[in-house]
1. Only residues in region 45-59 that are polar (S, T, N, Q) count as the first member; pair them with residues that are modelled with pLDDT of 95 or more and part of a helix (DSSP H, G or I), Cβ under 9 angstrom, at least 6 apart or cross-chain, and list the lot.
2. Which residues, taken from region 46-57, are of a type in the set (Asp, Glu) and under 16 Å from THR24 (Cβ atoms)?
3. Which ones in region 3-25 are without any contact (Cβ under 8 Å) to a residue 24 or more places away in the chain and of a type outside the set (Gly, Ala, Ser)?
4. What number of residues within region 66-90 satisfy the criterion of being in contact with a helix residue (DSSP H, G or I) (Cβ under 8 Å, 6 or more places away or on another chain) and under 12 Å from LEU52 (Cα atoms)?
Amino acid sequence: MTINTEKNGTALSVTLEGRLDTATSPQLDEALKASMPGITELVFDLEKLEYLSSAGLRVLLSAQKVMNKQGSMTVTNVNDTIMEIFEITGFSDILTIR
């Protein structure tokens, strides 16, 4: 999986490409923990995300909990496959998806 982050003041944009699963979710978790202090706006771009497992969902939920305290989190460019996972798991009700 490829993780690209772009920080602009207190805004952080995270673009994910590939598979967010048990093997790669710790990598994203560490990248977020290092980048999130002081962030008030977090945006995930999932256009190139091919697969999302429960381990990946946990990382997104953890990020959402942090951002509920310090700002907002938005998920953008969600493809049909990932949207189906969000809908089945109820994450479509938890996350702000554009």
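The values are calculated or read from the model by the stated rules, or taken from the named source; none is laboratory data. Since we're looking at a predicted model, the values are computed, not measured. Virtual Cβ from ideal backbone geometry, glycine too; neighbours counted across all protein chains shown.
1. Between residues of region 45-59 that are polar (S, T, N, Q) and residues that are modelled with pLDDT of 95 or more and part of a helix (DSSP H, G or I), the close pairs are SER53/SER25; SER53/ILE85; SER54/THR89.
2. GLU50
3. Passing the criteria: ASN4, GLU6, ASN8.
4. Number of matching residues: 5.
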